[in-house]
Amino acid sequence: MKKLTAIFAVLIVVSVSATAFAEVNVKSGISYSQQWGLYIANVIENNGKITNVVIDRFANGKSSKELHDNYGIKPVSSLNKDWWEQVAYYENWVVEHGLEAVETDEKGHALNPDLISGATINVAELSQAVKNAMDGKTEEEGYEIKTGTSYSKVWGFISPT
C-alpha cells in the first residue's frame, strides 16, 4: 500500500475565535481520481459549522497549489483564474453555503450560478474530498494520509513537523 504523509502547514489553517477552542474539530480526508490524481482536504468545524476548508491536489509528485500560477489553466480559463484561485473560491463558497448546497452536472461542474462565477473547474471532485474529510476517510485506491494536530492553550493549534 502506498502511504502519503500529508502534514502541511498550509492545510492546517485555523481561523477560529479564541473563545470556543473546545468545540473545534479538524477533519482530514482523501479522494482519488484516475484522471486528476489525489485530493486531500482539511475541514475545520467550530460548534458543528464548517469554518475553514483547505484542499490540494497531488499529481505526478506535485502539489497543484505549490504550482500556483504555473499550473497553467489561467490563459484558457473563462474566468482568467488559475486552479488555485478557483479552489480558493470554492473553499470559501463551501464555508459560506455548506457542502450540501453544491450542485453539479454529470461532468462535475457547478450548477450554482454564484459558484460558477468563481470556479469553472470540476467541483464534484473537490466536494468528494471535503465529504471524505467530514467522514474521516483517509484511505483510497491504495493511498493513505496521516495528518495530525494538537491544541495547546498557550500555543494554539500545532502541526507536527
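Here, each number is a calculation from the coordinates, and none is a lab measurement. Small disclaimer: the values here were computed from a predicted structure and weren't measured. Cβ coordinates were reconstructed from backbone atoms using ideal geometry, including for glycine residues, and neighbour counts include every protein chain displayed.
Can you tell me how much longer the chain between Asn112 and Leu79 gets when fully stretched, taken as 0.36 nm per residue apart minus their C-alpha distance, in nm with one decimal?
10.3 nm
Taking amide H positions as modeled 1.01 Å from N, with prolines and chain starts lacking one, the residues under 5 Å from Tyr32 and 5 or more places away or on another chain are Tyr39. Taking packing as the residue-averaged number of other Cβ atoms within 10 angstrom, the listed peptides 28-39, 100-111, 121-132, 83-94 run from highest to lowest as 121-132, 83-94, 28-39, 100-111. A Förster distance of 22 Å, applied to the separation of the beta-carbon atoms of Asn60 and Glu139, puts the FRET efficiency at 0.55.
Taking other residues whose beta carbon is less than 11 angstrom from the beta carbon of Asp82, and scoring Lys, Arg as +1 and Asp, Glu as -1, yields +1. By the rule of a C-alpha distance below 19 Å, with chain neighbours fewer than 8 residues away ignored, the aspartates and glutamates paired with Lys65 are Asp56, Asp82, Glu85, Glu91, Glu125. Between amide H atoms placed 1.01 Å from N, distances below 5 Å from Thr51 occur with Ile44, Glu45, Asn46, all of them 5 or more places distant or on a separate chain. Distant-in-sequence amide contacts of Thr104, defined by a placed amide H-H separation under 5 Å and a gap of 5 or more residues or a different chain, comprise Leu111. The phi-based Karplus calculation (6.51 cos²θ - 1.76 cosθ + 1.60; θ = phi - 60°) puts the 3J(HN,Hα) values of region 109-118 at 8, 4, 9, 6, x, 6, 7, 4, 5, x Hz, whole numbers, x for Gly and Pro.
Rounded to 0.05, the FRET efficiency of the Leu67 and His97 pair, given R0 = 30 Å and the Cβ-Cβ distance, is 0.65. For the peptides 135-146, 52-63, residues were scored by their other Cβ atoms within 10 Å and the scores averaged per peptide; the highest-first order is 52-63, 135-146.
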